[in-house]
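Novice: Sharing a structure with you now.
The values are calculated or read from the model by the stated rules, or taken from the named source; none is laboratory data. In this text, all values refer to a predicted model and were calculated from it rather than measured experimentally. In this analysis, Cβ positions are derived from the backbone assuming ideal geometry, glycine residues included, and neighbour counts consider all displayed protein chains.
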Amino acid sequence: MPSTEGPHGTGKRVRKHDSRAARAALPEPVRKLIDDYERHLSLERGLSAHTVRAYLGDVVSLTGFVDANGGRFSDLDIQTLRGWLARQREEGASRTTLARRAAAARTFTAWAHRAGALATDPGGRLVAPRAHRKLPGVLRAEQASEVMRFSAAGAEQRDPVALRDSAIVELLYATGVRVSELCGLDVGDVDFSRRVVLVLGKGGKERVVPFGVPAETAVRAWLDEGRGKLAAAAKGKAEAALFLGARGGRLDPRAARRVVHDAVGSVPGANDMGPHGLRHSAATHLLEGGADLRSVQELLGHATLATTQLYTHVTVDRLKAIHDRAHPRAR
């Protein structure tokens, strides 16, 4: 659930219906503006529903802050934007949260200016603390192998759910795709002849991602022996989805997260993680194996190389740790 706020910018996490109530409490012209912005994000920019909710939560917070302080949105200026961020900082918002909300505000005010709702764009002058960009823990290569072995062992009885779960963890680790991308795959997106999958990523961008023999074996076993049994639960209405839930519909990302948590939890000493942790592990292991940054960027579907460069810090830290343990002159 995205972190959103009430109309006064309290900085507290609120439930989805609370965010809707805060939005409904805004003046009608502002509500209409936010409705237009939502359509822009969803239809014109093609952002995911989760990302749109996060953007709108920040916009509702900002416009609610303006309204609560007796202002009009059309008069929004840099002082008001800074006041909105300052209120959240006083109430304990982290640097990462402040940076994200400032970015959301800049995106919104730029759009509002283009749409004619603001005479100028005050967001262009808004500066927030740089976020601390920290990657979660990753699996060591031998731990990743243990996770795969655990999942394969669970599939030996050829239970359809176990076959599916083994294919999920193998494909996630083999490709480094996002969990939303995995759940969005259709059967026809898998090309076994070239051993690649066609992935629909952020912003509707397609990319082709290769996978290895173990993932091929697991996915074939799922398709040959497991998928049909779960599809039968849909009573002839099974989707074209590659991965199915217990009732035969497309697999939900939450179910995929549970699968990964359970698989990783079986390995003693492994960091608790979900699909995103497997994605980070795959990227780290690729770089440690000698892959260049631009290739990893393309495989992961990162918009900028700067995002991929974060993984170099992980690999350097590992090399330093190994050096400290192994080199006689390290200390």
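Novice: Looking only at the range 160-204, count how many residues are over 15 Å from the mean Cα position of the chain (by Cα) and over 22 Å from L287 (Cα atoms).
Specialist: Total meeting the criteria: 20.
Novice: Considering only the range 195-220, state which residues are surrounded by fewer than 16 Cβ atoms within 10 Å (Cβ to Cβ) and acidic (D, E).
Specialist: E206
Novice: Within the range 154-162, can one find any residue that is loosely packed, with under 14 Cβ neighbours inside 10 Å, within 24 Å of V267 (Cβ to Cβ) and not polar (S, T, N, Q)?
Specialist: Checking the range 154-162: at least one residue is loosely packed, with under 14 Cβ neighbours inside 10 Å, within 24 Å of V267 (Cβ to Cβ) and not polar (S, T, N, Q).
Novice: Restricting the range 183-198 to residues that are of a type in the set (A, V, I, L, M) and within 16 Å of G212 (Cβ to Cβ), which is modelled with the highest pLDDT?
Specialist: Restricting to residues being of a type in the set (A, V, I, L, M) and within 16 Å of G212 (Cβ to Cβ), the top hit is V190.
Novice: Could you please tell me which pairs satisfy a Cβ distance under 7 Å, a separation of 6+ or placement on different chains, a first residue in the range 282-301 that is closer than 24 Å to V147 by Cα, and a second residue that is in a loop (DSSP other than H, G, I, E, B)?
Specialist: A282/G176; A283/G176; T284/V138; L299/G176; L300/G176
Novice: Is it the case that some residue within the range 261-284 is touching a strand residue (DSSP E or B) at 6+ places or on another chain (Cβ under 6 Å), surrounded by 14 or more Cβ atoms within 10 Å (Cβ to Cβ) and in the same structural domain as S145 (by TED's automatic domain parsing)?
Specialist: no
Novice: Only one residue in R31, R82 is farther than 30 Å from P253 by Cα, out of contact with any helix residue (DSSP H, G or I) (no Cβ under 8 Å at 6 or more places or on another chain), of a type in the set (D, E, K, R) and at pLDDT 90 or above, so which one is that?
Specialist: The unique qualifying residue is R82.
Novice: Need pairs with beta-carbon distance below 7 Å; first residue within 14 Å of G64 (Cα to Cα) and within the range 78-107, second not in a helix (DSSP H, G or I); sequence gap 6+ or separate chains.
Specialist: Listed pairs, sorted by first residue: T80/G71; L81/L126; W84/G9; L85/A128; R87/G9; Q88/G9; Q88/G11; A105/L126.
A quick yes/no check of all residues on (1) small (G, A, S); (2) under 30 Å from K32 (Cβ atoms); (3) in contact (Cβ under 8 Å) with a residue 60 or more places away in the chain; (4) out of contact with any strand residue (DSSP E or B) (no Cβ under 8 Å at 6 or more places or on another chain):
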position: T120; (1), (2), (3), (4): no, yes, no, yes
position: L126; (1), (2), (3), (4): no, yes, no, yes
position: A144; (1), (2), (3), (4): yes, no, yes, yes
position: E156; (1), (2), (3), (4): no, no, no, yes
position: A167; (1), (2), (3), (4): yes, no, yes, yes
position: V179; (1), (2), (3), (4): no, no, yes, yes
position: D189; (1), (2), (3), (4): no, no, no, no
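Novice: Listed residues L230, L223; which is in contact (Cβ under 8 Å) with a residue 60 or more places away in the chain, surrounded by 13 or more Cβ atoms within 10 Å (Cβ to Cβ) and either among the hydrophobic types (A, V, I, L, M, F, W, C) or assigned to a strand (DSSP E or B) (or both)?
Specialist: Criteria check complete, one pass: L230.
Novice: Is at least one residue of the range 104-123 assigned to a helix (DSSP H, G or I), of a type in the set (S, T, Y) and surrounded by fewer than 19 Cβ atoms within 10 Å (Cβ to Cβ)?
Specialist: Yes, because at least one residue in the range 104-123 is assigned to a helix (DSSP H, G or I), of a type in the set (S, T, Y) and surrounded by fewer than 19 Cβ atoms within 10 Å (Cβ to Cβ).
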